[in-house]
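> Sharing a structure with you now.
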Amino acid sequence: MAPPAIAAEAPVGTGADLASFADAFDAAQIAQDRAALERMVADDLVFIDGSGKRYGKAFFIDGWTGPDDDYDPVMLKDRIVLPLGEDAGLASAETILSGRSAGKPFRVRIRFTDIFRRHGDSWQVAYIHVTRMTIEQE
């Protein structure tokens with residue numbers, strides 16, 4: 001994936017720029033890039049976590065950038081990136097998220113949907129919904 005700061009500055013107006021932003025947003029989370037996430041996430045973010053609870057921007061970013069956490073690379077399955085006009089779009093995919101939190105390994109299967117809206121000449125994430133799924137036997 002492209003570095004988040006470069007892809008986040010792709011010109012607005014095509015499905016390709018939306019896909020580039022979605023890629024950069026995913027990469028910023030795994031890389032725990034707080035500065036990129038601060039730029040990419042709208043101040044009025046609505047984040048619905050895997051338990052159905054609603055949170056905001058600070059909670060979301062803090063959750064990805066904890067000093068005792070690190071994440072393994074992810075592979076997205078069944079991914080779609082769908083423009084919803086010139087000023088909005090969404091990305092949705094399934095993945096296994098794994099890594100270490102407070103020194104303990106974790107592994108969860110999720111489906112997420114991110115809704116993006118145009119902000120100036122780039123995009124921001126306005127809504128995120130995560131659904132936890134059962135990990136199938138491999």
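The values are calculated or read from the model by the stated rules, or taken from the named source; none is laboratory data. Here the structure is a predicted model, which means the values were calculated and not measured. Neighbour counts run over all protein chains shown; Cβ positions are idealised from the backbone, glycine included.
> Go through the stretch 88-138 and report how many residues are acidic (Asp, Glu) and modelled with pLDDT under 95. I'd like the intermediate steps shown before the answer.
Taking the stretch 88-138 as the starting set, the residues that turn out to be acidic (Asp, Glu) are 94, 114, 121, 136, 138.
Of the ones still in play, those that are also modelled with pLDDT under 95 are 121, 136, 138.
Residues flagged as acidic (Asp, Glu) and modelled with pLDDT under 95 within the stretch 88-138 amount to 3.
> Provide a single number: the residues in the stretch 66-92 that are basic (Lys, Arg) and surrounded by 14 or more Cβ atoms within 10 Å (Cβ to Cβ). Before you say what the answer is, go through the steps one by one.
Applying the first criterion (basic (Lys, Arg)) to the stretch 66-92 yields 77, 79.
Then drop every residue that is not surrounded by 14 or more Cβ atoms within 10 Å (Cβ to Cβ), which leaves 79.
Qualifying residue count, the stretch 66-92: 1.
> Would you check which residues across the stretch 47-65 are in a loop (DSSP other than H, G, I, E, B) and surrounded by 12 or more Cβ atoms within 10 Å (Cβ to Cβ) and list them? Give the steps one after another, and end with the answer.
Pass one, the stretch 47-65, residues in a loop (DSSP other than H, G, I, E, B): 49-53, 56, 65.
Result: ASP49, GLY50, GLY56, THR65.
> Which pairs do you get when a residue that is farther than 22 Å from ASP78 by Cβ, found in the stretch 109-138, comes within reach of a residue that is β-branched (Val, Ile, Thr) and at pLDDT 95 or above, reach meaning Cβ atoms under 6 angstrom, with the pair 6+ apart or on two chains?
As it stands, the answer is ALA126/ILE115, since those pairs meet every condition given.
> What's the total number of residues in the stretch 22-38 that are surrounded by 16 or more Cβ atoms within 10 Å (Cβ to Cβ) and assigned to a helix (DSSP H, G or I)?
Going through the stretch 22-38, the residues surrounded by 16 or more Cβ atoms within 10 Å (Cβ to Cβ) turn out to be 22-33, 36-37.
Checking the rest, the ones that are also assigned to a helix (DSSP H, G or I) come to 22-30, 36-37.
Number satisfying all stated conditions: 11.
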